[in-house]
1. What are the residues in the stretch 62-75 that are surrounded by fewer than 15 Cβ atoms within 10 Å (Cβ to Cβ) and within 16 Å of the chain's Cα centre (by Cα), if any?
2. Among the numbered criteria (1) in contact with a helix residue (DSSP H, G or I) (Cβ under 8 Å, 6 or more places away or on another chain); (2) more than 19 Å from PRO52 (Cα to Cα); (3) in a loop (DSSP other than H, G, I, E, B), which single criterion is violated by GLU193?
3. Being at pLDDT 90 or above, part of a loop (DSSP other than H, G, I, E, B) and buried (at least 20 other Cβ atoms within 10 Å of the Cβ) is the filter here, so list the residues in the stretch 9-28 that pass it.
4. Looking only at the stretch 77-109, how many residues end up being in contact with a strand residue (DSSP E or B) (Cβ under 9 Å, 6 or more places away or on another chain) and closer than 21 Å to GLY187 by Cβ?
5. Can you tell which of VAL238, VAL184, VAL203, VAL229 is part of a helix (DSSP H, G or I), in contact with a Lys or Arg (Cβ under 8 Å, 6 or more places away or on another chain) and either modelled with pLDDT of 95 or more or surrounded by 16 or more Cβ atoms within 10 Å (Cβ to Cβ) (or both)?
6. Outside any helix (DSSP H, G or I), assigned by TED's automatic domain parsing to the domain that holds ILE84, on the phi < 0 side of the Ramachandran plot and surrounded by fewer than 21 Cβ atoms within 10 Å (Cβ to Cβ), is that true of ILE246?
7. What's the total number of residues in the stretch 29-61 that are of a type in the set (Gly, Ala, Ser), surrounded by fewer than 16 Cβ atoms within 10 Å (Cβ to Cβ) and free of Cβ contacts under 8 Å to residues at least 60 places away in the same chain?
8. Take GLU233 and decide whether it is within 30 Å of VAL40 (Cα to Cα), of a type in the set (D, E, K, R), in the same structural domain as GLU87 (by TED's automatic domain parsing) and in contact (Cβ under 8 Å) with a residue 24 or more places away in the chain.
Amino acid sequence: MSAHTVAPAGTRAAGRPGVPAGFDIPVLEARNISKRFGGVKAVNDVSLRVMPGEIVSLIGPNGAGKTTTFNLVSGVLPPSAGQILFEGRDTAGLKSSDFAALGIGRTFQNLALFRNGTVVENLLVGRHIHFRYSILESLVFWGRPRREEIAARERVEQIIEFLEIEELRDKPVSQLAYGQQKRVELGRALACEPKLLLLDEIVAGMNREEKEDIARFTLDIRDEFGIAVLMIEHDMQVVMDLSDRIYVLDFGALIAEGTPEEIAADPQVLKAYLGEEGGHA
């Protein structure tokens, strides 16, 4: 695949590389989760799963509950009802920082970078969950602190090379173009070495070439690193080209699940996106 070509639909079936037959424990499973804000039910009895090596999309009209669902499965918000499992482990009672330690990395719709920090410094932030040395040990900076810092910087350099941002490594984030900042945000999520990567509208605001690059990186993250991906995305071309499976939300409820081909032909999905007349059409 060329550097600037979104993966054709036929490449989706080649997903889940290296996943043994019968390996059927989901990386992430949400069981009948709901979230209420006062009298408003933003998410209503939603169940979804992401298997090892899958790219799964969560789509729906504005206000459908997608971001709230992301906040639930990443530990930002606790569910009002239901259960969230990560590799079979119940996550009830865990803090959001615990979710990162389990192996969940996330990008955000609104960039959450340290604008005055360099690219390298921002990526190193993603490594903090892997540091095990104490404050006292850090004062000496020998032995374990030194080993962990060297390992962190080596990993960051690998990510910089993977995302093709070598020439930006020492620049402050504030000096980068928007699409470049999106790559840095993706790199910081990768720096924590996730087993599941949550991408929240990663291509929003990008031009075509930037979208194609991110699509290529997303496939490589799955294929080369074996990281499962769950993404919210409004760009339906990206969704259809990359996804193994798609979940569709409308008014906080799950209305459809299936392959891109099944979703594209689903009358309920057409109605939710296009209205009654569009659904019949």
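1. Across the stretch 62-75, there are no qualifying residues.
2. (2) is the only condition that GLU193 fails.
3. Answer for the stretch 9-28, where residues must be at pLDDT 90 or above, part of a loop (DSSP other than H, G, I, E, B) and buried (at least 20 other Cβ atoms within 10 Å of the Cβ): just VAL27.
4. Total satisfying the criteria: 10.
5. VAL238
6. Criteria not met by ILE246.
7. Just the residues of the stretch 29-61 that are of a type in the set (Gly, Ala, Ser), to begin with: 30, 34, 38-39, 42, 47, 53, 57, 60.
From the residues that got through so far, the ones that are surrounded by fewer than 16 Cβ atoms within 10 Å (Cβ to Cβ) too are 38-39, 47.
Subsequent filtering for residues that are free of Cβ contacts under 8 Å to residues at least 60 places away in the same chain retains 38-39.
Total meeting the criteria: 2.
8. yes
The values are calculated or read from the model by the stated rules, or taken from the named source; none is laboratory data. Every value quoted in this text rests on a predicted model; they were computed, and no experiment measured them. In this analysis, Cβ positions are derived from the backbone assuming ideal geometry, glycine residues included, and neighbour counts consider all displayed protein chains.
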